[in-house]
Amino acid sequence: VEASIPEPQRKAWLAHQTSGFKDKDGFETEVVRHVETTLARSMYNCDEQAAYSACSLAFRDRLILEWNRTQQRQTFADSKRVYYLSLEFLMGRALDNAMLNIGQKDVAKAGLAELGFRIEDVIEQEHDAALGNGGLGRLAACFLDSLASLNYSAWGYGLRYRYGIFKQEIIDGYQVEVPDYWLDFNPWEFPRHDVTVDIQFYGHVTKRTDDNGKTIATWEGGEIVKAVAYDVPIPGYATPSTNNLRLWSSKAASGEFDFQKFNSGDYENSVADQQRAETISAVLYPNDNLDRGKELRLKQQYFWVAASLYDIVRRFKKSRRAWKEFPDQVAIQLNDTHPTLAVVELQRILVDLEGLDWEEAWNIVTNTFGYTNHTVLPEALEKWSVPLFQHLLPRHLQLIYDINLFFLQSVERKFPKDREMLARVSIIEESQPKMVRMAHLAIVGSHKVNGVAELHSDLIKTTIFKDFVEVFGPDKFTNVTNGITPRRWLHQANPRLSELISSKTGSQNFLKDLTELAKIEHYKDDKAFRKEWAEIKYANKVRLAKHIKKTTGVDVNPSALFDVQVKRIHEYKRQQMNIFGVIHRYLTLKSLSPEERKKFQPRVSIFGGKAAPGYWMAKQIIHLINAVGAVVNNDKDIGDLLKVIFLEDYNVSKAEMIIPASDLSEHISTAGTEASGTSNMKFVLNGGLIIGTCDGANIEITREIGEQNIFLFGNLAEDVEDIRHNHTYGSYTVDPDLVKVFEAIEKGTFGEPNDFMGMISAVRDHGDFYLVSDDFHSYIETQELVDKAYRDQEGWVTKSIESVARMGFFSSDRCINEYAEGIWNIEPLAVKDQ
Ligand code: Z16
């Protein structure tokens with residue numbers, strides 16, 4: 001690297017090469033310089049916002065140096081790179097993470113203190129980067145952290161939405177969505193106005209035959225939109241490796257139409273065209289686990305995929321290797337089916353633009369891609385209508401038909417005369433209108449397909465992708481259980497617990513190798529250790545109680561059991577069962593004498609999460625939670641025995657405060673519906689216990705931490721189908737305790753009953769698809785076991801310590817290493833210590 005620097009610049013370059021602050025004075029100098037020059041402000045009116053900006057700029061300067069070096073190191077090493085294509089990256093805040101990963105938070109804390117600021121207040125100034133909905137987007141963010149921390153050559157590719165997931169306000173108990181304009185000041189992104197790609201839409205295809213009799217297809221006409229790259233540095237933990245996240249922003253292609261219209265006096269329309277182009281990357285679709293089939297969404301997908309592939313291919317071509325070496329240099333992971341068009345786009349590049357034979361091209365394609373499935377819910381599986389495809393991407397539709405033809409021919413050879421099989425596995429669904437099944441395309445176009453937890457990976461093999469296991473054999477399908485980064489979800493979110501753990505493990509190395517947590521189990525009977533453990537949890541609860549007071553006005557007692565369910569609001573996640581359980585508890589308390597009540601374990605039921613704006617039932621659930629809170633929290637008979645809190649605008653930074661404060665968290669999806677869940681891992685890693693169903697990663701968490709440390713209940717996935725069948729064709733009665741809950745609601749105990757009839761009749765009149773009634777009794781009983789266990793505080797602390805000690809498996813580092821070995825075939829790049 002050094003040798004390649006031209007001689008005149010060498011001296012200046014060498015003087016510049018330091019990627020840390022020497023000490024707090026060095027840090028302060030940089031902060032002051034940024035306040036006074038970059039921000040053009042004076043230290044006399046430097047508020048917390050300015051301090052945040054300057055502090056970020058100071059750290060950013062350090063990051064950039066390592067970022068450049070990492071990119072050069074990767075380029076010179078000329079080894080295989082992995083590209084993680086995700087329509088969502090739920091990053092949260094960057095400053096705290098950068099300080100901790102670089103290892104200079106102490107320096108910043110001391111420096112900021114001298115300048116008159118508390119570091120916590122400065123960190124709080126940052127707006128979350130919320131370019132995601134929930135688990136899938138946050139998983140992508142954890143993966144980026146692990147990829148960099150483990151020194152893999154990896155890039156993330158996504159969209160630079162102008163508006164991330166909406167901000168949630170609760171007004172009179174109802175969710176109101178407010179746009180999240182987050183780009184006002186974002187020091188963490190670098191516009192690359194020189195890195196642009198022209199993306200084509202619409203138009204038509206012409207075919208001609210060349211001299212060799214080969215058919216050449218050309219995609220012509222239509223309109224062009226420009227993709228502009230914005231790069232975000234991703235610092236690894238305790239390593240200089242700093243990877244790149246490249247986000248594409250859409251812009252009108254200049255000179256195409258705007259100036260013509262402008263010159264001919266059609267100014268308004270030239271502006272309209274510009275805005276139409278910018279609309280592509282304007283907003284994140286706010287649905288989690290639901291496909292709405294909107295044209296703009298398909299445009300987003302192609303725009304992002306085409307720009308990313310152009311970029312990847314451009315980089316590969318610089319290496320001047322033969323095309324057949326492409327899969328040795330490039331691995332592309334499809335995060336769900338959202339980027340599946342990449343399969344078709346790469347085939348198009350190779351066949352139409354580079355002139356490769358179909359077979360050779362298709363070999364390259366399938367050896368390049370891996371596909372991760374994140375759900376079995378049918379309403380979440382993406383399908384696009386053929387007419388829409390024909391209109392927007394005519395050449396891609398032809399290629400899909402060709403891919404499908406060759407695929408079905410191969411199926412036919414293996415299963416002669418099985419027409420049903422052909423219809424089931426076809427990429428095209430023969431409906432009215434015909435639909436392109438994106439999951440089928442992703443499977444056919446990839447060499448590996450993985451689910452995200454063991455149960456889920458088994459389910460996809462035996463249900464939705466069963467036929468494909470027969471066609472391709474079982475080895476194409478594999479499991480990679482999700483993980484979380486312990487840097488953000490332990491060290492950053494719970495610094496005191498991290499500190500206590502490192503005092504016992506002897507170093508902070510457990511943050512790089514989470515299995516080292518096992519060492520703390522030796523201290524589970526150590527009095528001082530246990531006391532400190534319990535005190536940390538209590539302090540975290542006090543902090544959350546303050547937040548609750550500030551944001552809702554409700555006083556909660558930090559000694560009560562904090563019972564938390566924070567995640568997207570969805571019927572399959574069953575927040576309705578939780579709130580019905582809370583009502584049951586309230587009715588029970590009301591029926592007791594004041595004396596009997598005193599024996600009850602006080603609880604705070606805490607909810608948080610966003611409903612998709614068009615998801616009527618989810619919004620009704622939020623409304624009921626708030627309506628119950630309004631009654632229960634003001635009932636003098638109840639006092640501290642029960643409080644019900646809905647925390648507004650749940651997001652990554654709030655999760656960092658909420659998760660360390662939980663005693664019990666709820667992961668209570670109908671068995672077989674939650675692919676993995678990842679917050680379950682975060683809660684346990686922070687010493688909270690779980691009440692949950694045998695679903696997703698709960699099962700593997702149980703295996704690791706032991707059955708005595710988790711509260712499992714409810715029907716099993718293998719029985720759900722029969723129970724549902726019985727709901728529809730047999731007869732069923734609603735659980736008697738649940739009937740009483742419904743009666744209380746219908747009496748108007750929580751306000752206008754009609755507001756909540758949707759939730760009641762879903763259970764009572766419409767087949768109870770999510771088995772709320774079937775699981776209710778088991779749920780209530782298990783909650784009673786929780787109360788009993790919690791009253792034994794010593795026993796509870798033991799469970800908490802044992803659980804944390806056994807969570808090593810759930811690091812996203814383990815998970816990324818499994819992808820690297822089993823799917824991507826890449827190894828970490830050695831980094832020399834400087
Ligand atoms: C999503 O967040 C998930 C699945 C999906 O199809 C779409 C979205 Cl936006 C979630 C799963 O629901 C969750 O169980 C899983 O832990 C997470 O993806 C990461 O794999």
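Bear in mind that the values in this text are calculations on the coordinates, not laboratory data. Just so it is clear, the model here is predicted, and its values are computed rather than measured. Glycine also receives a Cβ, built like all others from the backbone with ideal geometry; neighbour counts cover every protein chain displayed.
Things worth noting here:
- Convex hull of the range 391-441 built on C-alpha atoms - directionally averaged projected area, nm²: 3.7
- Entries of Lys546/Lys610; Lys682/Lys747; Lys546/Lys636; Lys550/Lys636; Lys512/Lys619; Lys524/Lys740 with Cα pairs more than 32 Å apart: Lys682/Lys747; Lys512/Lys619; Lys524/Lys740
- Rule-of-thumb Rg ratio for the range 532-640 [Cα; 2.2 N^0.38 Å; N residues]: 1.15
- Dipole-positive endmost among Ala534, Ile579, Ala820 within the chain (Cβ charges, Cα centre): Ala820
- Sorted peptide list for 74-82, 721-729, 659-667, criterion being average Cβ within 10 angstrom, highest first: 659-667, 74-82, 721-729
- For the range 111-268, the Cα-based Rg and Dmax, in that order, read 22.4, 77 Å.
- Helix-only [θ]222 nm of the chain, DSSP H runs n ≥ 4, -39500 (n - 2.57) each, per residue, nearest 500: -14000 deg cm²/dmol
- Nonlocal amide H pairs with Asn450, under 5 Å, H built at 1.01 Å: Tyr371, Thr372, Asn373, Thr478
- Based on Cα contacts under 8 Å between residues 6+ apart, the chain shows a relative contact order of 13 percent.
- Straightening the chain between Phe600 and Ser761 buys 54.8 nm, computed as 0.36 nm per residue apart minus the Cα-Cα spacing.
- Considering only the chain, percent of DSSP beta bridges that pair antiparallel, nearest 5: 45
- The range 241-367, relative contact order [Cα under 8 Å, separation at least 6], %: 20
- Extension gain, Glu420 back to Asn509 (0.36 nm per residue minus Cα-Cα distance, nm): 26.5 nm
- For the range 269-333, the set of trypsin sites (Lys or Arg not before Pro) satisfying both a DSSP loop assignment and a count of at most 10 other C-beta atoms within 10 Å is given as Arg320.
- Loop GluC sites (Glu not before Pro), the range 349-440 (other Cβ atoms within 10 Å of the site Cβ: 16 or fewer; DSSP): Glu354, Glu430
- Residue-span extension gain [Gln409 to Val554] - 0.36 nm each, minus C-alpha spacing: 45.7 nm
- Average Cα contact separation per residue, the range 486-819, under 8 Å, 6 or more apart, as relative contact order %: 23
- In order along the range 503-512, the Karplus-derived 3J(HN,Hα) couplings, from 6.51 cos²θ - 1.76 cosθ + 1.60 at θ = phi - 60°, round to 5, 9, 7, x, 6, 8, 5, 4, 6, 9 Hz, and Gly and Pro are given as x.
- With a Förster radius of 51 Å applied to the beta-carbon distance between Glu354 and Arg703, the computed FRET efficiency rounds to 0.60.
- Rounded D (µm²/s) - the range 486-819, Kirkwood Rh over Cα pairs, Stokes-Einstein at 25 °C, 0.890 mPa s: 120
- Student exercise, the range 284-382 dipole from Lys, Arg, Asp, Glu Cβ charges, in Debye to nearest 20: 500
- 3J(HN,Hα) from dihedral phi, the range 88-99, Karplus parametrisation 6.51/-1.76/1.60, rounded to Hz, x for glycine, proline: 9, 9, 8, 7, x, 7, 9, 5, 4, 4, 5, 4
- With a simple spin-label model that places each label point 7 Å from the Cα along the Cα-to-Cβ direction, the separation between Asn263 and Ala322 comes to 4.9 nm.
- Arg314-Asn825 pseudo-label distance in nm [points 7 Å out on the Cα-to-Cβ vector]: 2.8
- Sites listed here are trypsin sites (Lys or Arg not before Pro) in the range 737-827 whose DSSP assignment is loop and whose Cβ has at most 15 other Cβ atoms within 10 Å: Lys747.
- Counted by Cβ distance under 11 Å from Asn726, the other residues give a net charge of -4, where Lys and Arg count +1 and Asp and Glu count -1.
- Here is the size of the chain from its Cα atoms: Rg then Dmax, 27.8, 96 Å.
- Calculated FRET efficiency for the pair Thr215/Glu430, C-beta based, R₀ 25 Å, to 0.05: 0.45
- For the range 450-471 versus the range 217-242, the inter-centroid distance based on Cα atoms is 32 Å.
- Cβ crowding within 10 Å averaged over residues, with 578-590, 444-456, 207-219 ranked highest first: 444-456, 578-590, 207-219
- Under 29 Å of direct C-alpha separation, and excluding same-chain neighbours fewer than eight residues apart, Lys207 reaches these lysines: Lys226, Lys299, Lys317, Lys324, Lys383, Lys434.
- Evaluating 6.51 cos²θ - 1.76 cosθ + 1.60 at θ = phi - 60° for every residue in the range 330-344, the Karplus couplings come out as 9, 10, 10, 9, 8, 7, 6, 7, 3, x, 4, 4, 4, 4, 6 Hz, glycine and proline recorded as x.
- Anisotropy class of the range 649-780 from Cα gyration tensor, a/c 1.5 cut: oblate
- FRET E, pair Asn634, Gln274, Förster distance 56 Å, beta-carbon r, rounded to 0.05: 0.60
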